[in-house]
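Presented below is the structure to which this report refers.
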Amino acid sequence: MRRVKHRAVSVLVIAAALAAGLGLYLVKFAVSGGAWASSKVNAAVYSSGALALGAVTDRNGVVLAEARDGVRIFAEDKTLRKATLHAVGDVAGNIGTGALKTQIPALVGYNPVFGTYSLSGSGGTVRLSIDSELNLAAYSALDGRHGAVVVIDCATGELLCSVSSPAFDPNNPSEVDPDSPKYDGVYLNRALSSAFTPGSVFKLVTAAAALENIPDIE
C-alpha cells in the first residue's frame, strides 16, 4: 500500500513540475515570442544579416523603407532618405533608435498564432507619426549643421518631425568617413539621445511665469 502511495505522490510531483514548466514556457512565449521569432538566426526573416521583411511609412502613407525580394529599399528621394534616416534606421542597425531596429516584430508581421508567416510574404507595416515633408523641410533648414529639429503636436503628443544631423544616405552607407568631422556622431539620434541647452525653449517657462505673476503684462 505504501509503495502505491509513494508512486502516486511521485506521479503527482512530476505532473506538477510539468504543469509549472508549461506555465513558465507559456508566460515566456507571451512576453518574448516576438523576439524569438525575429531573431537573426531565422533565415525567413533575415537575408545576409539584414532584415528582409516589412515596410516603414510616414503618417500619410509615404513609403520610407520597404523590402523587395529580400532587399531593403529606401525612399526614392536622396534628401528624404537622409531627412528620415534616424527615425527609420539603417540596414546595418547602427542607428539603435530607428524603426528598423526597434520595431522588428511588427515589421516581420509576428503574431502568436502564425509566427512570422503571412499570406503576402512581405511582413508588416510600421506607420510612424512623423510627416516626411516636415522632416524634409527641417533637414534642408539645418543645411549640414550638427543639431536636431523636433516638432510635437501638443494636443496629441504625436511626434510630427524628428530630424538629426549629420546624416548619410542609407542606400550608400559606405560614404561615411569615421575620421571626417562632417560625420561626427552620425549614428547618434540627436533628437532622442543627445543633450542640448534649453535656450529659446525655456522662454516659454519664463513667459508663463511672467503671465502668472506680473499684472497687465499681456
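Counting only Cα atoms, the size of segment 66-142 along its three principal axes is 46, 22, 22 Å, in decreasing order.
Surface composition of the chain: carbon plus sulfur atoms contribute 60% of the solvent-accessible area (1.4 Å probe, protein chains only, all chains present).
Convex hull volume per residue, computed on the Cα atoms of segment 128-218, equals 138 Å³. Taken as Cα centroids, segment 51-73 and segment 171-185 sit 24 Å apart, rounded to the nearest whole angstrom.
Antiparallel beta bridges, as assigned by DSSP with both residues in the chain, represent about 85 percent of the total such bridges.
Heavy-atom accessible area for residue 175, with the other protein chains in place and a 1.4 Å probe, reaches approximately 50 Å². In a DSSP loop and with at most 16 other Cβ atoms within 10 Å, the chymotrypsin sites (Phe, Trp or Tyr not before Pro) in segment 72-133 are 114, 117.
Angle of helix 2-37 to the longest C-alpha principal axis of the chain, folded into 0 to 90 degrees and rounded to 10: 20°. The simple Förster model, with R0 at 41 Å and r as the Cβ-Cβ distance, assigns residue 208 and residue 48 a FRET efficiency of 0.15.
Annotation for residue 155 and residue 122: the two label points, set 7 Å from Cα along the Cα-Cβ direction, are 3.3 nm apart. For segment 145-161, 3J(HN,Hα) computed residue by residue from phi via the Karplus equation (6.51, -1.76, 1.60; θ = phi - 60°) reads 6, 6, x, 8, 10, 10, 10, 10, 6, 5, 7, 10, x, 6, 7, 8, 8 Hz, glycine and proline entered as x. Largest GNM mean-square fluctuation across 132, 140, 162, computed for the chain with C-alpha springs under 10 Å, falls on 140. Packing, taken as the mean count of other beta carbons within 10 Å per residue, orders the peptides 95-101, 208-214 from highest to lowest as 95-101, 208-214. Viscosity 1.002 mPa s, temperature 20 °C: Stokes-Einstein D of segment 16-109 from its Kirkwood Cα radius, in µm² per second? Diffusion coefficient, whole number: 146 µm²/s. For the chain, modelled as a GNM whose springs connect Cα atoms under 10 angstrom apart, the maximal fluctuation among 102, 197, 57 occurs at 197. Using r as the Cβ-Cβ distance of residue 32 and residue 69, and R0 as 22 Å, what FRET efficiency do you calculate, to the nearest 0.05? According to the calculation, E is roughly 0.15.
Equivalent ellipsoid of the chain: semi-axes from √(5λ) of the C-alpha gyration tensor, largest first, are 46, 27, 16 Å.
Residues whose amide H falls under 5 Å from that of residue 65, counting only those 5 or more places apart or on a different chain, are 56, with hydrogens built in the peptide plane. Solvent exposure of segment 89-199 amounts to 55 Å² per residue of accessible area, where only protein heavy atoms count and the probe is 1.4 Å.
The values are calculated or read from the model by the stated rules, or taken from the named source; none is laboratory data. Only a predicted model underlies this, so the values are computations on that prediction, with no experimental measurement involved. A quick note on method: Cβ atoms are made from the backbone with ideal geometry, for glycine too, and the neighbour counts reach across all protein chains shown. With ligands, DNA and RNA removed, areas are computed over all heavy atoms of the protein, side chains included. Shrake-Rupley method; radii C 1.70, N 1.55, O 1.52, S 1.80 Å.
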